[in-house]
Amino acid sequence: MMRGAWVLLAVLVCVSIPRLGAEEVKIIGRDFAFDAPAMLGAGMTTFSFENPGDVRHEMIIVQLRQAVTEQHIQEALQGGITLRKLREQFGDGDLLGILLAMPHQSSAGKLIVNLVRGRTYLIICQIEEPPGAPRHNLLGMYTTFSVE
Ligand SMILES: [Cu+2]
């Protein structure tokens, strides 16, 4: 009887544990472009970030509002929009998270995001390095991916 209860408890615990990080996706931040998939599946997704370049990079993830495209983002960035304004104008909610990676290293942490089917997400780097350089997104360091 007691043994049966323990088995039942073990089954319940296993069933109720969310599948955190079931899908892992590596984003690569080069000097100065992202290598990222154009399409990802919905659900919990673990992002890691690798920097093979010679300067520090970050990857910020933002969920975009419906009907916002990479073209909108490109035009806004070329117009000199700040990240805050970009998020307010085109983002759906706050930033989802940031990963940072030093040159020739991977980020120390990972980022788990629950990707929503039918939505588009922006990945962007705002860093200005070396000193005096333009923000990396102005050099091409942004991209979008869609979730199916
Ligand atoms: Cu960068």
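Evaluating Ala76 against the criteria (1) free of Cβ contacts under 8 Å to residues at least 24 places away in the same chain; (2) under 22 Å from Ser146 (Cβ atoms); (3) exposed (fewer than 14 other Cβ atoms within 10 Å of the Cβ); (4) not charged (D, E, K, R) leaves one unmet condition, (3). Looking only at residues of region 98-122 that are more than 16 Å from the ligand (Cβ to nearest atom) and within 17 Å of Glu70 (Cα to Cα), we find that the one that is surrounded by the fewest Cβ atoms within 10 Å (Cβ to Cβ) is Gly118. Taking residues in region 122-146 that are of a type in the set (A, V, I, L, M, F, W, C), and partners anywhere that are surrounded by fewer than 17 Cβ atoms within 10 Å (Cβ to Cβ), the pairs with Cβ atoms closer than 7 Å and at least 6 places apart or on different chains are Met141/Ala33; Phe145/Pro37; Phe145/Ala38; Phe145/Met39. Pull up region 18-35, narrow it to residues that are out of contact with any Gly (no Cβ under 9 Å at 6 or more places or on another chain) and part of a loop (DSSP other than H, G, I, E, B), then point me to the one that is surrounded by the most Cβ atoms within 10 Å (Cβ to Cβ). In this case the residue turns out to be Gly21.
Considering region 49-72, the residues that are surrounded by 14 or more Cβ atoms within 10 Å (Cβ to Cβ), away from the ligand (no atom under 16 Å from the Cβ) and touching a residue at least 60 places away in the same chain (Cβ under 8 Å) include one that is nearest to Leu138 (Cα to Cα), namely Glu70.
For region 123-148, a tally of residues being within 14 Å of the ligand (Cβ to nearest atom) and assigned to a strand (DSSP E or B) returns 4. When Glu88 is tested against (1) within 16 Å of the ligand (Cβ to nearest atom); (2) at pLDDT 95 or above, just one condition goes unmet, and that condition is (1).
The values are calculated or read from the model by the stated rules, or taken from the named source; none is laboratory data. Everything numeric in this text was worked out from a predicted model, so none of it was measured. Ideal geometry is used to build each Cβ from the backbone, glycine not excepted, and the neighbour counts take in all protein chains shown.
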